[in-house]
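A short worksheet on the structure shown next.
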Amino acid sequence: MYEFSLTNSITRTILALCRRSGWSRVHRAMIKVGGMRKINPELMSFVFTAITKDTPAEGAVLTVMTVPVTLYCYACGRTNHREDTQFLCPSCGSRNVQLLSGLEFNLEVLEVEF
Ligand SMILES: [Zn+2]
């Protein structure tokens, strides 16, 4: 399950930060995930709740912000968003496109307690 490995990786990062920084509790974490990753945010929150049990992040809320897939087209010069993950310009159908956003996977906000 893709959501499990992504959530596991972000949780390991959060718990390592807690240990290193001496934080006793995590209240909220917000992550930014690109649309190319096609994740299910509810499933990530569910996995997060399950794997943070008995850790300083137990009970914390995980918010997933999805970043739209943005393509720049060299053929028509337009910048477009795509709902799916195809590497095609939605305006002219060209494959001569560059991905500007959609692959993100970042921890953006972390609310903690010392
Ligand atoms: Zn185009």
Sequence-distant or interchain residues sharing an amide H contact under 5 Å with residue 78, placed H: which? 73
Taking amide hydrogens as modeled 1.01 Å from N in the peptide plane, which residues meet the under 5 Å criterion relative to residue 28, leaving out close sequence neighbours? 61, 111
Rounded accessible area of residue 13 (nearest 10 Å², 1.4 Å probe): 70 Å²
Enumerate the amide H contacts of residue 105 below 5 Å, restricted to partners 5 or more residues apart or on another chain; note that Pro and chain-start residues carry no placed amide H. 34
Roughly how many percent of the accessible protein surface of the chain is carbon and sulfur, given a 1.4 Å probe and a whole-percent answer? 52 percent
Roughly speaking, what is the centre-to-centre gap between region 33-88 and region 90-109 when only Cα atoms are used, to the nearest Å? 12 Å
Wrap a convex hull around the Cα atoms of the chain, take a quarter of its surface area, and give that in square nanometres. 7.5 nm²
Formal net charge of residues neighbouring residue 13 (Cβ-Cβ distance under 13 Å; K, R +1; D, E -1): +2
Given a 1.4 angstrom probe, what's the average accessible area per residue across the chain, in square angstrom? 57 Å²
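Calculate how many DSSP beta bridges within region 15-95 are antiparallel, expressed in % of all such bridges and rounded to the nearest 5.
Values: 4 of 11 bridges.
Close to 35 percent.
Mean residue ellipticity at 222 nm from the helices of the chain, using -39,500 (n - 2.57) per DSSP H segment of n ≥ 4 over the full residue count, to the nearest 500 deg cm²/dmol? It would help to have the intermediate numbers written out before the result.
On the way: 2 runs with 31 residues, N = 114.
Helices in the chain give a 222 nm mean residue ellipticity of -9000 deg cm²/dmol.
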Where chymotrypsin sites (Phe, Trp or Tyr not before Pro) fall in DSSP loop in region 14-86, at most 16 other Cβ within 10 Å: 74
On average over all directions, what projected area in square nanometres does region 47-101 have, based on the convex hull of its Cα atoms? 4.9 nm²
Using a 10 angstrom cutoff on alpha carbons, build the Gaussian network for the chain and name the most mobile of 102, 35, 77. 77
Average Cα contact separation per residue, the chain, under 8 Å, 6 or more apart, as relative contact order %: 34 percent
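The values are calculated or read from the model by the stated rules, or taken from the named source; none is laboratory data. Values in this document were obtained by computation on a predicted structure and should not be read as measured data. Backbone-built Cβ (ideal geometry, glycine too); neighbour counts: all protein chains shown. The accessibility values were calculated without ligands, DNA or RNA, using every heavy atom of the protein model including side chains. Shrake-Rupley method; radii C 1.70, N 1.55, O 1.52, S 1.80 Å.
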